[in-house]
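Novice: Mind looking over this structure? Questions follow.
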Amino acid sequence: MRWWDIEPVLELEKDLFPEDAWSRGMFWSDLAHARGPEATRRYVVAQDGGAIVGYGGLAAAGDAGDVQTIAVAREHWGTGLGALILTELLRAATAFECAEVLLECRVDNIRAQKLYERFGFEAIGFRRGYYQPGNVDALVMRLNDPSTSVQGTEING
């Protein structure tokens, strides 16, 4: 993801997460830490015919990574695009030498939870009222050793 991707990403963000969408500033802030030798973030976009149809981001701190966001346009649900984005983020976690990766997922987002479980993430707790203003709880999930989840996985294109 580059700065010029922020506007189309925001459109998708607002469509998919109307109550708790990220702000322009949040994306700018994370992208500021995604380049150069001191980078601690990795953000990717997926395109179809030049239009952004998915995106994801990972932050690394020490030996831990945190999936910041993953989103896929509704018309691409069930196509494997979310798995491709997650694979790329786990590759980044491996490159950042993360021993584990954490994430928060809305408790009512069963589709995402199933994706994360396929990659080996396990539920480890809850964050009450994490998603605001809807006051929706988050399921906290952890993956130990992200490098084992992406071995032998290929991304084409």
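The values are calculated or read from the model by the stated rules, or taken from the named source; none is laboratory data. Worth saying up front: this structure is predicted, and the values here are computed from it rather than measured. Because the Cβ atoms are built from the backbone with ideal geometry, glycine has one as well, and the counts that use them run over all protein chains shown. Note: areas computed on protein heavy atoms with side chains; ligands, DNA, RNA excluded. Shrake-Rupley method; radii C 1.70, N 1.55, O 1.52, S 1.80 Å.
Novice: When region 109-148 is examined, which residues are found to be farther than 17 Å from Gly65 by Cα, touching a residue at least 24 places away in the same chain (Cβ under 8 Å) and over 17 Å from the mean Cα position of the chain (by Cα)?
Specialist: Gln132, Pro133, Gly134, Val136, Asp137
Novice: Can I ask one more? State whether one or more residues within region 24-45 are under 14 Å from Arg142 (Cα atoms), under 14 Å from the mean Cα position of the chain (by Cα) and not small (Gly, Ala, Ser).
Specialist: no
Novice: If you scan region 27-41, which residues turn out to be outside any loop (DSSP other than H, G, I, E, B) and of a type in the set (A, V, I, L, M, F, W, C)? Spell out the reasoning first.
Specialist: Here is the first cut: in region 27-41, the ones outside any loop (DSSP other than H, G, I, E, B) are 27-31, 41.
Listed by number, the residues that qualify are Phe27, Trp28, Leu31.
Novice: Condition first: modelled with pLDDT of 95 or more and of a type in the set (Gly, Ala, Ser). Now tell me which residues in region 30-50 satisfy that.
Specialist: Answer for region 30-50, where residues must be modelled with pLDDT of 95 or more and of a type in the set (Gly, Ala, Ser): just Ala46.
Novice: Find the strands (runs of 3 or more DSSP E) located wholly in region 77-157 whose residues include 3 or more that are open to solvent by 30 Å² or more (accessible area, probe 1.4 Å) and more than 22 Å from Gly54 (Cα to Cα), and list them.
Specialist: Passing ranges, in order: 122-131, 136-144.
Novice: Please work out if Leu12 is closer than 29 Å to Asn135 by Cα, at pLDDT 95 or above, out of contact with any helix residue (DSSP H, G or I) (no Cβ under 7 Å at 6 or more places or on another chain) and part of a helix (DSSP H, G or I).
Specialist: Details: closer than 29 Å to Asn135 by Cα: yes; at pLDDT 95 or above: yes; out of contact with any helix residue (DSSP H, G or I) (no Cβ under 7 Å at 6 or more places or on another chain): yes; part of a helix (DSSP H, G or I): yes.
The answer is yes for Leu12.
Novice: Give Gln47, Gln68 a once-over and let me know the one that is part of a strand (DSSP E or B), free of Cβ contacts under 8 Å to residues at least 12 places away in the same chain and either among the acidic types (Asp, Glu) or open to solvent by 20 Å² or more (accessible area, probe 1.4 Å) (or both).
Specialist: Gln47
Novice: So which residues in region 8-20 are open to solvent by 40 Å² or more (accessible area, probe 1.4 Å) and either over 16 Å from Gly50 (Cα atoms) or in contact (Cβ under 8 Å) with a residue 12 or more places away in the chain (or both), if there are any at all?
Specialist: Matches in region 8-20: Pro8, Lys14, Asp15, Phe17, Pro18, Glu19.
Novice: While we're looking at this one, here's another question. Hey, does region 88-110 have a residue that's among the hydroxyl-bearing types (Ser, Thr, Tyr) and under 19 Å from Trp22 (Cβ atoms)?
Specialist: Checked region 88-110: no residue is among the hydroxyl-bearing types (Ser, Thr, Tyr) and under 19 Å from Trp22 (Cβ atoms).
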